[in-house]
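Right, one structure below, let's go through it.
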Amino acid sequence: MYENLFKSPLHRVFVYGTLKRGEPNHGLIKDATNGYAKFLGLGRTTVSYPLVIATRYNIPFLLKKPDVGNLVLGEIYDMDSKMLKKLDELEEHPTFYERFEEEILLAPETALKSGKTFEEVGELTKAWIYFLPIYRSSLLDSPMYASYSNNGSHGLKYCGNDNDASSLYDVL
Ligand code: PCA
């Protein structure tokens, strides 16, 4: 494994949806056969974006519309190319979600747990984020969250279906 790390640099990724710890697709990141990934800390966008839950599958999406919605909370990982490729497959980058590199605030989870804020302990870093770049404008009328949880009070339980491209037509 270390051999591979020398050959290819790590990629930094900010996840805000089903890939977070405790969420339905986190198993993908945890599975070492998918590659290498290391949790770095919690992250928060430096620009507001709409985080909405849409389609009949209740999929979380960050819409590529800056200065609308909230500063969004998530988790930051460093991962190898093999793991990034797995994520790209799941998110169907670049035909469904598209990944863009953005400035993100990174803070140690322990510091935030002890009451510090991102403003106090956050450090700027660049990370990839999966956005929905093109979407129907009615999605902007959906409730917008600052943080995603599949078990949130919204009651919109995720039901992923890899093989059903029809979810595309729910958002486009
Ligand atoms: N998975 C990616 C994008 C949205 C989703 O459910 C993530 O967690 O960041």
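Just so it is clear, none of the values below were taken in a lab; they were calculated from the coordinates. Because the structure is predicted, anything quoted here is derived from the model rather than measured. Methodologically, a virtual Cβ is constructed for each residue, glycine included, from the backbone with ideal geometry; neighbour enumeration extends over all protein chains shown.
Points to keep in mind about this one:
- Reachable lysines from K85, criterion Cα separation under 29 angstrom, eight or more residues apart if same chain: K7, K20, K30, K38, K64, K65, K126, K157
- Taking all C-alpha pairs of region 13-77, those more than 13 Å from each other amount to 66 percent.
- The relative contact order of the chain comes to 30 percent, based on Cα pairs under 8 Å that sit 6 or more residues apart.
- Neighbourhood charge, 13 Å Cβ-Cβ cut-off, centred on K116 and excluding it, Lys, Arg +1 and Asp, Glu -1: -2
- Net charge contributed by nearby residues that have their C-beta within less than 12 Å of P50 (K/R +1, D/E -1): 0
- Per-bin percent of Cα-Cα distances, region 57-99 [5 Å]: 5, 15, 22, 27, 21, 9, 1
- Debye intensity ratio in log₁₀ form over the Cα atoms of region 106-162, taken at each q of 0.15, 0.22 Å⁻¹: -0.79, -1.09
- Top of N151, N25, N34 by mean-square fluctuation, Gaussian network on the chain, Cα under 10 Å: N151
- Per residue, the convex hull spanned by the alpha carbons of region 8-135 comes to 109 Å³.
- Quarter of Cα convex hull surface for region 66-133, i.e. mean projection, nm²: 5.5
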